[in-house]
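Scroll down for the structure; my scribbles are underneath it.
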Amino acid sequence: MIIARYIKSLIFIVLIVILLFISLKIDYTRSIIKNFYYFGYKEILTFKFSKCVPNKLNDTNIDKTILIAGHTYGLADHTNNATYPKFLYALEAETKRNFSEHVKVDKIILAGDIVKEARIKNFLEVEEKLNKFTNDLLVAPGNHDYGPKVLGNEQNQTDFIKVFKKAFQKFVIKGNLFLILDTATNTGNITEEQIDFIKKELDGDNSINKIFIITHHIIWSDMAVKSGFKVEPNLNFIKNNNFDEVLSIFEKLKFKHDIYFFAGDLGVAPIHTKLFCEKIDNIHYIGTGMGNGRLDNYIKIKISKDGKKIGFEPIFF
């Protein structure tokens, strides 16, 4: 009787061990399959991106480096209110040269949604954390940062300006013009004040090499879809915007300059596009973002010493 009970107990324990082993093996197999899937997905996205904007710049000829990152508060269910910790780790890797030395990038442009909640303390935290990696931080505000129509109000705009000084601005680096615009004051639109600003900056200036326009919202998404391209922004209900008016300004210049529209409102939910790049005539449309946890990315722009050659590289982390 005792031996029979012992044998039954032993058989029961063996069955439990076998079931646990099978369960662990299934989970392990699932993990392997997922890792292969995401690795392949990244490779496909990177390949498509390289066909849109080839990265042919020789590393020895790089003089300036700019990073463009969107939706940098990251995952909605994380506890951070400011910068996505995973993005900070990626910047550590980006700038680290050895165990003790970091080399700052020339500029970091945040393409909106830099905080979950628009508070001065959160904006100051963004500034403090990212100043470790650059001496020049610029921001194109997103709806989380102050937009009056989505999650924001005028006080948030005031707080944003107190910290980052400007809602829209421009800079020229190596003869390349960067326009950092505000699509949050009137959600998904470029205000008339900014349109006048753009026209003034472009009027009669023949010394510009290339033109970059950085916004948070994918203000060109409707146009891209009508042109046959698939793009799913995080905020996908912006349809009636004034992008046609904005595009008409740059259409006149597309045969004289390479033009790049960058936006940072991609990549949060599974249905959202993770990385986007398409070219229509001589105008490129590029989207980036983070917040999905597996396909987070930003764009590295590398500029040659004479400013005429540009390299583009999506960085997944």
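We did not get these values from a lab; they are worked out from the coordinates using the rules stated. None of these values were measured; they are calculated from a predicted model. Quick reminder, even Gly has a Cβ in these numbers, built from the backbone with ideal geometry, and neighbours come from all protein chains shown.
List of remarks:
- Pairs over the 19 Å Cα-Cα cut-off, from the set Lys42/Lys302; Lys174/Lys302; Lys48/Lys300; Lys166/Lys308; Lys200/Lys252; Lys107/Lys254: Lys42/Lys302; Lys166/Lys308; Lys107/Lys254.
- The slack in the chain from Asp136 to Lys166, taken as 0.36 nm per residue of separation less the alpha-carbon distance, amounts to 9.5 nm.
- The chain: relative contact order as a whole-number percent, Cα under 8 Å and 6+ apart: 20 percent
- Residues of the range 257-299 with an amide N closer than 20 Å to a point placed 7 Å from the Cα of Glu43 along the Cα-to-Cβ direction: 274-276, 294-297.
- Taking amide H atoms as placed 1.01 Å from N in the peptide plane, the amide H of Gly267 lies under 5 Å from those of Asn234, Thr273, each 5 or more residues away in sequence or on another chain.
- Within the range 57-79: backbone nitrogen closer than 20 Å to the Lys34 label point (7 Å, Cα to C-beta): 74-79
- Span-like helix ranges in the chain, DSSP H, alpha carbon extent 18 angstrom or more, Kyte mean at least -1.0: 2-52
- Here r is the Cβ-Cβ distance between Asn55 and Ser207 and R0 is 25 Å; the resulting FRET efficiency, rounded to 0.05, is 0.50.
- In this simple spin-label model, placing a label point 7 Å from the Cα along the Cα-to-Cβ direction at both Asn81 and Glu313 gives a separation of 3.6 nm.
- For the chain, adding -39500 (n - 2.57) for each run of n ≥ 4 DSSP H residues and dividing by the number of residues yields -11500 deg cm²/dmol at 222 nm.
- Along the chain, longest interval not containing exposed GluC sites (Glu not before Pro), exposed being DSSP loop plus at most 14 other Cβ atoms within 10 Å: 118-317
- Taking a quarter of the surface of the Cα convex hull of the chain gives a mean projected area of 22.0 nm².
- The magnitude of the dipole of the chain, with charges of +1 and -1 set on the Cβ of Lys/Arg and Asp/Glu and taken from the Cα centre, is near 1240 debye.
- Segment Lys226-Lys199, extension gain: residue separation times 0.36 nm, minus the distance between their alpha carbons: 7.1 nm
- Rounded D (µm²/s) - the range 179-254, Kirkwood Rh over Cα pairs, Stokes-Einstein at 20 °C, 1.002 mPa s: 160 µm²/s
- Counting every pair of alpha carbons in the range 196-317, the share spaced more than 26 Å apart comes to 24 percent.
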